[in-house]
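The values are calculated or read from the model by the stated rules, or taken from the named source; none is laboratory data. What you see is a predicted model, and the numbers here were worked out from it, not measured in a lab. Here the Cβ is made from the backbone with ideal geometry for all residues, glycine too, and neighbour counts use every protein chain on show.
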Amino acid sequence: MSSLNIDFKTPISKLTDKHRIWFATALTAMILVDGNIDRTEAEFLVKVISIVKEENEVDRLKKFIQFKTVPQLSKPVGLDRKLAMTMLIDMVRIAVVDKDFAASEEQMVRTVGETLGFASAEVEKLVAFGFELMGKEAS
């Protein structure tokens, strides 16, 4: 992965502490799901977990990274639909930043989209958007 200088569309300042934890966990899952993590991704994850204020949650996320274990995601409670969509868009952008939308990353987008309560058709549009960002057709 060349560079993970992603400018988040998700307004972090509008997220509650619980939603920050969920978002950081989801981003961690997206980066870990393809099975390999390079130095740039590790550095990015350090920035991602810095949005979390609770020290025990930071430690929990660091353990996922250390052991390269994809965290399980539950449905975030009380998350506004618009914020949820921006989170999912950010996840798609992270998945394709290396110009490789791995099948495991596609599946993670689908899983997170369903977890957030989006219809399949909405999620499939986001998967297609991921391929568009890479300049490729969806497979």
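With the requirement that a residue be small (G, A, S) and in a loop (DSSP other than H, G, I, E, B), what does the range 61-109 give you? Outline the logic, then answer.
First pass over the range 61-109, keeping only residues small (G, A, S): 74, 78, 84, 95, 102-104.
Selection gives S74, G78, A102.
Does I49 fit the bill of being under 29 Å from K136 (Cβ atoms) and in contact with a Leu (Cβ under 9 Å, 6 or more places away or on another chain)?
On the way: under 29 Å from K136 (Cβ atoms): no; in contact with a Leu (Cβ under 9 Å, 6 or more places away or on another chain): yes.
Spelling it out, it is not the case that I49 is under 29 Å from K136 (Cβ atoms) and in contact with a Leu (Cβ under 9 Å, 6 or more places away or on another chain).
Tell me, which residue of the range 60-74 that is surrounded by fewer than 12 Cβ atoms within 10 Å (Cβ to Cβ) and not polar (S, T, N, Q) is nearest to R20 (Cα to Cα)? Reasoning before the result, please.
Restricting attention to the range 60-74, the residues satisfying the condition of being surrounded by fewer than 12 Cβ atoms within 10 Å (Cβ to Cβ) are 63, 66-68, 72, 74.
So of that shortlist, the ones also not polar (S, T, N, Q) come out as 63, 67-68.
Working: K63: 17, F67: 22, K68: 21 Å.
For the range 60-74, the residue satisfying everything is K63.
Determine whether the range 6-13 contains at least one residue that is small (G, A, S) and at pLDDT 95 or above.
no
If you scan the range 129-139, which residues turn out to be in a helix (DSSP H, G or I) and either at pLDDT 95 or above or among the charged types (D, E, K, R) (or both)? Quick ask: steps written out before the conclusion?
Residues of the range 129-139 that are in a helix (DSSP H, G or I), as a first pass: 129-134.
Across the range 129-139, the qualifying residue is only E132.
Scan the range 10-43 residue by residue and report those that are under 15 Å from K68 (Cα atoms), in contact with a helix residue (DSSP H, G or I) (Cβ under 6 Å, 6 or more places away or on another chain) and either among the hydroxyl-bearing types (S, T, Y) or assigned to a loop (DSSP other than H, G, I, E, B) (or both).
T28, V33, D34
If the requirement is being without any contact (Cβ under 8 Å) to a residue 60 or more places away in the chain and either touching a helix residue (DSSP H, G or I) at 6+ places or on another chain (Cβ under 7 Å) or under 18 Å from I37 (Cα atoms) (or both), which of these qualifies: K68, K82? Explain how you work it out, then say what you get.
Values: K82 fails: either touching a helix residue (DSSP H, G or I) at 6+ places or on another chain (Cβ under 7 Å) or under 18 Å from I37 (Cα atoms) (or both).
Only one candidate qualifies: K68.
Looking only at the range 41-50, count how many residues are buried (at least 16 other Cβ atoms within 10 Å of the Cβ) and farther than 16 Å from T86 by Cα.
Looking only at the range 41-50, we keep the residues that are buried (at least 16 other Cβ atoms within 10 Å of the Cβ), and these are 41, 44-45, 48-49.
Remaining after also requiring farther than 16 Å from T86 by Cα: 41, 44-45, 49.
So the answer is 4.
Checking the conditions here, which among V58, V112, V46 is part of a helix (DSSP H, G or I) and under 24 Å from K125 (Cα atoms)?
Answer to the check: V112.
Taking the stated definitions as given, is V52 touching a Lys or Arg at 6+ places or on another chain (Cβ under 6 Å) and either more than 22 Å from V127 (Cα to Cα) or part of a loop (DSSP other than H, G, I, E, B) (or both)?
yes
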